[in-house]
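Reading through the structure tokens given below for one structure.
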Amino acid sequence: MKNEYLIRMENHDDCVKATDNAGIYYRLFHRPVTARLKNELDCMQFHVPSERMIDYHEHSSGTETFIISQGKFLCNCMGYGFTMGAGDILHIQPWMGHSFIPIEPESRLNIMFMGFDYHFTKTQPRMRIQAGFPGLFETPEFRNKFREENGGVSSRTVPIQVEHPREQIPQWRPADYGIREHEYDGINLKLKIAKYETEGVKEVWNLKMKSGFYCEWDEFLPEYRFLYVTGGKIRCWVKTSAEEKFEFDAVQENIITIPPYTPFGFEVTEDATMYDLDCSARLQDLCEELDIDTDKIKNKTELLKLCKSFDFNCTDVGFKK
């Protein structure tokens, strides 16, 4: 039976689309949702280094978040070159030129779009045109017009590839780096992408959790949740009716996807790492408050009251040592 709340990224049956041709193994995991088109997530796996690449270009609208899950890429952002490896993130906003060249076999790039429907407005029309009218899409005049009408800008001249330090590239977030970092009982949180980088829609966090850490949202909230497990094991539950819960495990390269008005929760059963790709709460503001007044962490009632004031609407959170 298919689990509608779990995407096993390596399983074709869980993908919206999966193809393997022309040197790229492509999978679409999740179509965009809500009016702001959050979280169209896909993966491009490049079989042979430097044979295929993402050319230097920029967009006039929408943001892109790139997560390297395997291999290495030679990257460029606004003319600055650098090398990204597993666990690194690059967050691109409109008018930021960027490119990716795989430099190891089977390098894997997970791409999350927000603010535009990349699949329906660009990928699908391009494939239809290329299939039905060979050669048309490849003409510079048509290609440039197509890009401009779909949130793109004509390709840029590739910058000279000179390595720059991370400090000069604020869009690059290495695996061990967070804009802010917070440590609490059973969990370490690294802020990877802030609300001021997503037009206030959400934050993206990397969570390192010890076995016994748990959190639940036992209310009917109008929120999508999108959790990407990168290591360890997490036991999840989803309330499917007033009397029933559906339980399942999530492990490395699994995505937990929770639709609106769906109570759910999880407990870490083996030390785990996970990205919260869809944190609509002001979690960074909440952490600042907790760091100022650490006594509120010890009082569960006060903690949950404070959580709600920053839109972190959990009904229980803690660590079973």
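The values are calculated or read from the model by the stated rules, or taken from the named source; none is laboratory data. If you're wondering where the values come from, they're calculated on a predicted model, not measured in any experiment. Glycine gets a Cβ as well: all are built from the backbone with ideal geometry, and neighbour counts include every protein chain shown.
Please go through the range 185-194 and pick out each residue that is at pLDDT 95 or above and not aliphatic (A, V, I, L, M). Spell out how you get there, then give the answer.
At the first step, the residues of the range 185-194 found to be at pLDDT 95 or above are 186-194.
Selection gives G186, N188, K190, K192.
Can you find a residue that is more than 30 Å from R27 (Cα to Cα) and either surrounded by 18 or more Cβ atoms within 10 Å (Cβ to Cβ) or in the same structural domain as K38 (by TED's automatic domain parsing) (or both) anywhere in the range 304-313?
Looking for residues that are more than 30 Å from R27 (Cα to Cα) and either surrounded by 18 or more Cβ atoms within 10 Å (Cβ to Cβ) or in the same structural domain as K38 (by TED's automatic domain parsing) (or both), one finds at least one in the range 304-313, hence yes.
Take the residues in the range 221-250 that are among the hydroxyl-bearing types (S, T, Y) and farther than 16 Å from L277 by Cα, then tell me which one is surrounded by the fewest Cβ atoms within 10 Å (Cβ to Cβ).
S241
State the number of residues belonging to the range 230-279 that are farther than 17 Å from C314 by Cβ, more than 21 Å from the chain's Cα centre (by Cα) and not charged (D, E, K, R).
Residues meeting the conditions: 6.
Any residue at all in the range 46-62 that is outside any loop (DSSP other than H, G, I, E, B) and under 24 Å from R8 (Cα atoms)? Spell out how you get there, then give the answer.
Initial filter on the range 46-62 (outside any loop (DSSP other than H, G, I, E, B)): 46, 54-57, 59.
Next, only the ones that are under 24 Å from R8 (Cα atoms) stay: 46.
Within the range 46-62 (the criterion being outside any loop (DSSP other than H, G, I, E, B) and under 24 Å from R8 (Cα atoms)), the answer is yes, since at least one residue qualifies.
Which one of these is among the aliphatic types (A, V, I, L, M) and touching a Phe, Trp or Tyr at 6+ places or on another chain (Cβ under 9 Å): M96, M44?
Numbers: M96 fails: touching a Phe, Trp or Tyr at 6+ places or on another chain (Cβ under 9 Å).
Of the residues listed, the single one that is among the aliphatic types (A, V, I, L, M) and touching a Phe, Trp or Tyr at 6+ places or on another chain (Cβ under 9 Å) is M44.
Residue-by-condition table, conditions (1) surrounded by fewer than 15 Cβ atoms within 10 Å (Cβ to Cβ); (2) over 18 Å from N150 (Cα atoms); (3) in the same structural domain as H91 (by TED's automatic domain parsing); (4) not β-branched (V, I, T):
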position	(1), (2), (3), (4)
K17	yes, yes, yes, yes
G23	yes, yes, yes, yes
H47	no, yes, yes, yes
I54	no, no, yes, no
E58	no, no, yes, yes
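Out of the residues in the range 118-140 that are under 19 Å from I54 (Cβ atoms) and modelled with pLDDT under 85, which is surrounded by the most Cβ atoms within 10 Å (Cβ to Cβ)?
Y118
Here's a check for you: in the range 81-99, which residue that is surrounded by fewer than 17 Cβ atoms within 10 Å (Cβ to Cβ) and of a type in the set (A, V, I, L, M, F, W, C) is modelled with the highest pLDDT?
Among residues in the range 81-99 that are surrounded by fewer than 17 Cβ atoms within 10 Å (Cβ to Cβ) and of a type in the set (A, V, I, L, M, F, W, C), the one modelled with the highest pLDDT is A86.
Within the range 1-21, how many residues turn out to be outside any helix (DSSP H, G or I) and either basic (K, R) or over 17 Å from the mean Cα position of the chain (by Cα) (or both)? Can you show your working first?
Applying the first criterion (outside any helix (DSSP H, G or I)) to the range 1-21 yields 1-11, 15-21.
Still in the running and either basic (K, R) or over 17 Å from the mean Cα position of the chain (by Cα) (or both): 1-4, 8, 11, 17-21.
Here the count works out to 11.
If I ask for residues that are under 19 Å from V201 (Cα atoms) and either at pLDDT below 90 or under 17 Å from the mean Cα position of the chain (by Cα) (or both), which ones from the range 280-300 would you list?
Correct list: S280, A281, L283.
Please specify each residue of the range 195-236 satisfying the condition of being at positive phi and at pLDDT below 95.
E199, G200
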